[in-house]
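Enquirer: Please see the structure below; I have some questions.
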Amino acid sequence: MTRIALRLLSAIPTLFGVVIVTFLLTRVLPGDPAVFFASNPSMSTDDIAALREQLGLDKSLIEQFWIYLVALFQGDLGNSLTTGQTVMTEIINRLPASAELTVFAFLLAIGVSLPLGLAAALRPGSLIDHLSRLISTLGVSMPTFVTGLLLIYVFYFLLGVAPEPIGRMDPFLFDPPKVTGMLTVDALIAGDMEVFRAAFTQMILPAVTMALFALAPLTRMTRAAMLGTLGSEFVRTARASGLSRRKIIFTYAFRNALLPVVTTMGMTFSYMLGANVLVERVFSWPGIGAFAMDSIINLDYAPLQGFMLVMAAIFILVNLTTDIVVTIIDPRASK
Amino acid sequence: MKSRAMQDRWDVIRHVVGGNPVNLIAFVLFALICLAALLGPVLAPQDPLATNAAFALQPPSTQFWFGTDQLGRDIFSRVLVATRLDLLIAFGAVGLSCLLGSLIGAMIGYWGGFWDGATSRVVDVLMAFPLFVLAMATVAALGNTVANVIYATAVINLPFYIRLARAEVRVRRGLGYVEAARVGGSGDWRILIRFLLPNIASPLVIQASVNLGWAVLNAAGLSFLGLGVRPPTPEWGIMVAEGARFIASGEWWVAAFPGFALMVTVFTFNLTGDALRDILDPRMRT
Amino acid sequence: MTPPLLQAIGLQKHFALGPKRPFGKPLKLHAVDGVDLTIAPGEAVGLVGESGCGKSTLARLVSRLLDPTSGELLLEGREISNQTTAEFARSDRRRMIQMVFQDPTESLNPRFSVFDLIADPVRTLMPRGGSAALRARVEAAAEAVNLPLALLDRFPHQLSGGQKARVGIARALVVEPRLLVLDEPTSALDVSVQATVLQLLDRLRRERGIALLFVSHDLNVVRLLCSRIIVMYLGQVVESGPSDQIYSAPSHPYTKALLSAIPSLRPQLRERVKLEGDPQSPISPSTTRCRFCGRCPVEVAECSQHMPELRTLPDGRQARCHFAG
Amino acid sequence: MTAPLLSVQNLTVDFTTRSGMVHVLEDVSFDIGAGEIIGIIGESGSGKSVTAYTVMGILDHAARIRSGRIAFEGTDVLQMDRRSRDNWRGKEASIIFQNPRTALNPIRAVGDQIADVIARHTPARASEVRGRAVAALKQVRIPDPERRMAAFPFELSGGLCQRIGIAIALACAPKLLIADEPTTGLDVTTQAVIMDLIRALASERGMSVALITHDLALAAEYCDRIVIMHAGHVVETAKTEDIIARPRHPYTARLLRSVPSLVDRIDELQAIEGSLPDLRREDLPPCRFAERCDRRLPTCDAGKFEAALVGPGHTVACRNPL
C-alpha cells in the first residue's frame, strides 16, 4: 500500500511538468487568438487591446502561468472560443465517446494478441508463428487512417454490411438515457437491445481499425516474452521435475512473460490515445480527438490545452495501473 | 587489417539475406524506394501538379496507372514524386533524434548526477503525453511547415534514444574494458567516444531502423490531419485525406494508391529493421 | 627490508546507498573498512576472501580506479591518494600501477583488434615515439605473454579464453608497470589454462621484478603464486602473513573454515570447520561487534561486545581474533 | 557388480547451429550403481552437461540424439512416451543446476514450487502437499521452514537457493540425483556445506548421485567413481583412488598435473598445450585428444576404438595408455 501511495506521489512532478509543457506549447501558438477574433474590421485597436486584456495576454508569462495554475486547481480549464462552452463541459461530454471506442478496441486487441503470441511462441517456425509475424508486421505498417478507409470501402461500400461511418449512432434512433455517456453501456442499462445493436455496429469498424494497430506490439511482445521464459532456467527446472505441460506453460512461463507484456500494454494504450485523433477523423466519431483537431484548426488554445492535459492525465493513470498490476504479479517490484 | 572481421560480418549477412527470402525482398524493396525518392521527379510520367478538369476522377487505366484525382491530376506521378518528401521527413526526424538523443543519453548515462536526474524527469514528462498528440500540438504551436513536422517527429522520438543510450551506457560503464581503459590512462571523454559510443552503436542503429517506419506513419498522420505539408504539394498523407471524401462513393483509387505506397514503405522499413537486427545482433531476435 | 613499493594506510571505501525511507539517515555500504597494506617491489601478495568481502573494491582502490572515502595510499613513499582518479589517470605515475580484470571477455573492447587493445594504453600513457616504436612495444608485450603475433589482427570474439586472458595481461604489461593488480584473473578459465596463466605471472614477477597483488577466492591458487597472503572478511583484514604459515596453520577461525572448505585431491584427515548461516550485512555494520559473529565456531559473548583488533602474533603474522595465537 | 541403476550406452548427440553441425557427444557410455556417487569431470566443451540433459530429456530443440540407450533400472528412457517420461522425471530421477537463483521461478513462492512437484507426482490433498513441502525444506536443513515457504528466491542467498533446488529435486524421493555444477558460483564455504548436504542425503536414502563438475578436487573428495570426459568422449572411468593415483589416459594425467591443490610449487604445475578440436569439423580424429597428445601413435588415427578394461572397474579409451 505504501508503495502505491509513493508511486502516486511520484506522479505529481510529472503531472506538474505536463502542465508546464501544455501551457508553454499553447502560449507560443503562432496565431494570437485576440488578433484572430479581431479580424472583424469593425473592431478598433482599442477593442483588440481590451480583448487581449480580457484573455490575460498582456501579462507576463509567469503571471499568466500562475493565473492558469490557480484556475486549473479550481477545475477551470477555460472556455472554448468557438463553441462558447467551458472546456470542462466539452471534454466531459465527449470523453465517453472516445473512452468507449478505445477501451473496446484495446480489449479486442488483447483478446486476439495474447493467444496469438502464445501460440506462436509454443511452436516457433510453425504456420501460426509465421501468421503472427505477418500480422504483427502488417499491423505496424498499416496507417490507421488507411486501414479505416479500406474497411469502410470494403464493408460499407462494397459489401454493404457496415453502417454509414458517420458518428456513434444510427440517426433514426434516439440516444439511450445518459448514465455513463457510453452508448453501448447506457443502452444495456436501459435494456434497449435495438439501440445497443445500433451503437455496437457503429463501433465495430473504428474499433477494429484501432485494434489492428495495437495488435502488433502486443503480439510481438507476448511471443518474445514467452520465448524468453520458455527458454529460461526455471522452466528447465520445471520440465526436469516432470510438471505437466499446462502447468509449465501457464503457471511458470506465461505468468512471468506477462510482466513485459503488461508494460507494453501501457505503451500501446498511449499509442492508441494518439491514434484516436486519426480514427475519430476517419469515422466522424464525436470524441475528444476530433474536438482537439477542431480547436487546432481554429487556433482555439484553451480546448487544446485541456485536451492535452486530459490525455496526459489518462496516460499517467494507465501507467500507474500497469505499475500496480506488475506489483501484484511480481513480488520483487514491491521491495 | 580488418579482413577477418569483415569476412565474419559478410557470412552473417549472407546467412540472414540468403537464408530468408523475406529479408532479400525487404532489401530489394528498400533499394527501390530509395531510388524512387532520388529519381521520382525524373521518372514521373506527368506533372504532379498539372490539373485537368476533363480527366477528373478517372479510374486506373493504361494512361493513368493509378487513375486521377478530383482535379484530374495523375495519381501515379503524385505518389512517385511524394516519395522524396516523405522519406526526407522520416530520415530527417530519425537522424536528428538519433544523433541528439544518443549523445545526450550517453552523456547522462556516463556521468549520472544532477543532469541525469533532470534530463530523465524531462523525458518522463515528454513520455507522459500520447506521442502523436504531442507531435500535433508541437506542429500547431511552431507553425504549419515541413521543417516543423520534422522537428515534431524528432521531439517525440527523442525520449526513446535518450533512454536507450543511457541504459546501454550504464550497463557498459562498469565493464572490464572501460575500467581497463581507465587504468590505461584514458579520460572520460576518450572513454565515451572511443570505447562506449562505438559499442552502443548497434542497438541504436537497430532502434533507428525500427523507428523509420514509425516516423513515416507519424508524418503522414500529421499531414492527413492537415498539419505540416500543405496542398497541392504531393504527399501521401494529404493525398489519402483528399481521397477519403470519395471512398464512400466508390472512387477508391484516389486514397488507396497513396495509402498503399505508405503501407509498402513502412512495411519495407520494418522488415529491413528486422533483418538489420538479425545481422547486427543475433541475440535480440524475436 | 627494501622500502615498500606501495603502502596503504587505513584505507576505507563506503558506498552511499541513499536513505531507506525519505528523510531517514543515509545507509552506507562498508566495502573496505580500514585496511593497511604494504607491497614490496617484486613481491607477490595474495588477497583472499569470499564474494562481497571487499577484495575487488580494495583492488580498485589500489589501482586508483576508485577514490577512497578516507585513508592514504603511497606509491614509492609519495602520496597518490591526494589526487582524484581523473588527475591520477593523467599523471606519469598512472602507468606504474596496472590492472588485469576478471572476465577476459568483457574486459576486452569488442571493437578493438588485439593490436589496438594492447596499444591503447601506450597511446595514452606513453604518447612519444612513432608507430614503429609502438608496434615494437606491442609485439614485445605479446611475446612476453606467449601470444602468437599472428593473433594481433584478430578481434576478441575470435580468441579462446586463455588467449583473451593473455591479451589482458599483455595490455597491462605494455606500459612497464611496477605493480600489477590482478582481480581473479583465472576464475573464468579451465584448470588446464589456469596453470599456464599462473606460471606466466610468476615468470614475469621473477624476470621483470613486477610486484603482484593477486585477488582470488581460491587459497590453493594463491599459495602457489604468492609469498604473503591477506585474508579479508566483510571489509576488514582478518589475517595476514606468509603463505606457508597461513596455509599450514591458519590462526583466525575464518581462515580455518576457508581452508578446510577447499576440496582437496589428497584427502587429509583434518577437522572440517563448517560455517553455517550467512555473513552479517555490510551495510552500516556495528563498530563494536566482531564481523564474524553469527558464523564463528569459537564465538563467545565477549565477541559481540568488543571488536577484536588486528594483532601481531608471536610468529610475526597478524590476526583479528580474540583467540588467535 | 549388481545391475547398475542407470546405464548410458553409446550415446551420440549432435547440435544443429547456424554455423553447422556440432558433434557434441560421441559414443558416451558409463554406469551408475545404486547408492553410488559418481563424478563426471570435464573442462568446458567436454559435453558433461549435455550428457546430463540428455538423461533428463531436457535438451533444447537444436539437439539430435543420433543413437544410444539410457537404461534406468533396465528400461530405456529414450524409448518412453512423453507421458511416462514426465512421470519418471522428478520422481525417479531429478536434477539440480548451476546458478541456483535463476533455476528457480522468480515470482513464485519457493514453497509453492516445491508443492508443484509433490502435487504432480503424488495424489494428495492440498494440506497434505503443503505438509510434505515443509518436510522437504526441513530435510535440506533450512531453518524455520514454515516461514521460508512464503519466501521468494530473490530474498534468499545463493546457498539457500541451492538448498531449495535440492528440496525440489528430492521432494519425491528419486533414486538418482544429477547435480550439474551445483556449487559453481557459490563461495567455497557454502560449497562445502551444500556438498556435505548432498552426500548426507544420498547416504540416508541410498540415492545415487551424478556430480557433474570441472573441479577434479571437488569430485575426488565426494565421489566413489570418476568419469573423465574430453571433447564429447569418455576417456577414462575408474574408482576415485585409481584415477588420482594411477591415471592411465594421457589427458587425465595432464589434467591432474594442472590442479593447484595437488602440487606444492608453482613450477610443478603443467598446462595442457593446445585446445579442444573444433567439434564442427567433419574430419574429427577417432581420438579427439590426439592432436594435443604427446603419446600419439600412428595407430591412434586408424579407425574407431572402444574403451578397454585395464584394471578392476578401470576403463581407458587410449591406444597408448600410461
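The values are calculated or read from the model by the stated rules, or taken from the named source; none is laboratory data. Source: prediction; values computed, not measured. So basically every Cβ, Gly included, is an ideal-geometry build from the backbone, and we count neighbours across all protein chains shown.
Enquirer: Name the one entry in A:244, A:232 that is within 14 Å of another protein chain (Cβ to nearest Cβ), of a type in the set (S, T, N, Q) and surrounded by fewer than 16 Cβ atoms within 10 Å (Cβ to Cβ).
Expert: A:244
Enquirer: So, of the residues in region D:97-118 that are small (Gly, Ala, Ser) and within 9 Å of chain A (Cβ to nearest Cβ), which turns out to be nearest to residue D:205 (Cα to Cα)?
Expert: D:103
Enquirer: Can you confirm whether residue C:64 is part of a loop (DSSP other than H, G, I, E, B) and either over 18 Å from the mean Cα position of the chain (by Cα) or buried (at least 16 other Cβ atoms within 10 Å of the Cβ) (or both)?
Expert: Judged against the criteria, residue C:64 is a match.
Enquirer: Taking residue D:94 and the conditions (1) facing another protein chain (nearest Cβ under 8 Å); (2) not in a strand (DSSP E or B), which numbered condition does it fall short on, given that it satisfies the others?
Expert: (2)
Enquirer: Continuing with this model, one more query. Suppose we filter region C:291-325 for residues that are touching a residue at least 24 places away in the same chain (Cβ under 8 Å) and hydrophobic (A, V, I, L, M, F, W, C); how many remain?
Expert: Qualifying residue count, region C:291-325: 9.
Enquirer: Take the residues of region D:247-260 that are under 22 Å from the mean Cα position of the chain (by Cα) and within 15 Å of residue C:225 (Cβ to Cβ): which is farthest from the other protein chains (Cβ to nearest Cβ)?
Expert: Among them, the one singled out is D:259.
Enquirer: Can I ask one more? Test residue C:113 against the stated conditions and say whether it is in contact (Cβ under 8 Å) with a residue 24 or more places away in the chain, at the interface with chain B (Cβ under 9 Å from one of its Cβ atoms) and closer than 23 Å to residue C:67 by Cα.
Expert: no
Enquirer: Return the total of residues in region B:97-108 being surrounded by fewer than 18 Cβ atoms within 10 Å (Cβ to Cβ) and touching a helix residue (DSSP H, G or I) at 6+ places or on another chain (Cβ under 7 Å).
Expert: Number satisfying all stated conditions: 1.
Enquirer: Shifting gears a bit: For region C:273-298, give me the residue count where each residue is over 25 Å from the mean Cα position of the chain (by Cα) and outside any loop (DSSP other than H, G, I, E, B).
Expert: 0
Enquirer: Still on this model: If you check C:94, C:123, C:137, which single one turns out to be over 17 Å from residue C:8 (Cβ atoms), modelled with pLDDT of 90 or more, charged (D, E, K, R) and under 20 Å from the mean Cα position of the chain (by Cα)?
Expert: Residue meeting the stated conditions: C:94.
Enquirer: Being more than 19 Å from the chain's Cα centre (by Cα) and hydroxyl-bearing (Ser, Thr, Tyr) is the filter here, so list the residues in region B:210-248 that pass it.
Expert: Matches in region B:210-248: B:233 only.
Enquirer: So, in region D:262-288, exactly how many residues are over 20 Å from residue D:317 (Cβ atoms), modelled with pLDDT under 85 and of a type in the set (A, V, I, L, M)?
Expert: Of the residues in that region, 3 qualify.
Enquirer: Determine the pairs where a residue that is within 14 Å of chain B (Cβ to nearest Cβ) and within 26 Å of residue A:93 (Cα to Cα), located within region A:156-171, has a partner that is of a type outside the set (Lys, Arg) and part of a loop (DSSP other than H, G, I, E, B) with Cβ atoms under 7 Å apart, the partner being 6 or more residues away or on another chain.
Expert: A:163/A:170; A:165/A:283; A:165/A:284; A:166/A:284; A:167/A:284; A:167/A:285; A:167/A:286
Enquirer: Would you be able to say whether some residue in region D:19-36 is surrounded by fewer than 17 Cβ atoms within 10 Å (Cβ to Cβ), within 17 Å of the chain's Cα centre (by Cα) and closer than 21 Å to residue D:209 by Cα?
Expert: The answer is yes; a qualifying residue exists.
Enquirer: Pick from region B:125-184 the residues that are among the aromatic types (Phe, Trp, Tyr), assigned to a helix (DSSP H, G or I) and more than 14 Å from chain C (Cβ to nearest Cβ): which of them is nearest to residue C:64 (Cα to Cα)?
Expert: B:161
Enquirer: Then there's this: For region D:160-202, enumerate the residues that are within 12 Å of chain C (Cβ to nearest Cβ) and in a loop (DSSP other than H, G, I, E, B).
Expert: Hits for region D:160-202 are D:183, D:184, D:185, D:186, D:187.
Enquirer: I'd like to check something: does region D:227-243 contain any residue that is on the phi > 0 side of the Ramachandran plot and touching a Pro at 6+ places or on another chain (Cβ under 7 Å)?
Expert: yes
Enquirer: Cβ-Cβ below 7 Å, separation at least six or inter-chain, first residue in region A:301-328 and at the interface with chain B (Cβ under 10 Å from one of its Cβ atoms) and in contact (Cβ under 8 Å) with a residue 24 or more places away in the chain, second among the polar types (S, T, N, Q) and surrounded by fewer than 21 Cβ atoms within 10 Å (Cβ to Cβ): which pairs?
Expert: From region A:301-328, the pairs are A:316/A:14.
Enquirer: Being basic (Lys, Arg), surrounded by fewer than 21 Cβ atoms within 10 Å (Cβ to Cβ) and closer than 29 Å to residue C:285 by Cβ is true for just one of C:208, C:228. Which residue is that?
Expert: C:228
Results for (1) part of a helix (DSSP H, G or I); (2) within 13 Å of chain C (Cβ to nearest Cβ); (3) under 25 Å from residue D:288 (Cα atoms); (4) not charged (D, E, K, R), shown as yes or no for each residue.
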| position | (1), (2), (3), (4) |
| --- | --- |
| D:204 | yes, no, no, no |
| D:219 | yes, yes, yes, yes |
| D:234 | no, no, yes, yes |
| D:237 | no, no, yes, yes |
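Enquirer: Are any residues in region D:237-258 aliphatic (A, V, I, L, M) and in contact with a strand residue (DSSP E or B) (Cβ under 6 Å, 6 or more places away or on another chain), and if so, which ones?
Expert: Within region D:237-258, D:238, D:243 meet the criteria.
Enquirer: Here is a further query. Given the residues C:147, C:108, C:125, C:152, which is the only one that is at the interface with another protein chain (Cβ under 10 Å from one of its Cβ atoms), aliphatic (A, V, I, L, M) and farther than 26 Å from residue C:57 by Cβ?
Expert: Answer to the selection: C:152.
Enquirer: Starting from residues that are over 19 Å from the mean Cα position of the chain (by Cα) and under 26 Å from residue A:294 (Cβ atoms), keep the ones in region B:249-286 and report whichever is farthest from the other protein chains (Cβ to nearest Cβ).
Expert: The extreme case among them is B:254.
For (1) away from chain D (no Cβ under 12 Å); (2) aliphatic (A, V, I, L, M); (3) crowded, with 16+ Cβ neighbours inside 10 Å; (4) closer than 19 Å to residue C:258 by Cα, each residue gets a yes or a no:
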{"residue": "C:275", "(1), (2), (3), (4)": "no, yes, yes, yes"}
{"residue": "C:280", "(1), (2), (3), (4)": "yes, no, yes, yes"}
{"residue": "C:283", "(1), (2), (3), (4)": "yes, yes, no, no"}
{"residue": "C:292", "(1), (2), (3), (4)": "no, no, yes, yes"}
{"residue": "C:306", "(1), (2), (3), (4)": "yes, no, no, no"}
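Enquirer: Scan region B:233-248 residue by residue and report those that are surrounded by 22 or more Cβ atoms within 10 Å (Cβ to Cβ), in a helix (DSSP H, G or I) and either more than 10 Å from chain A (Cβ to nearest Cβ) or among the β-branched types (Val, Ile, Thr) (or both).
Expert: Hits for region B:233-248 are B:238, B:239, B:240, B:247.
Enquirer: Based on this model, can you work out whether residue A:131 counts as assigned to a helix (DSSP H, G or I) and at the interface with chain B (Cβ under 7 Å from one of its Cβ atoms)?
Expert: No; evaluated as a whole, the condition is false for this residue.
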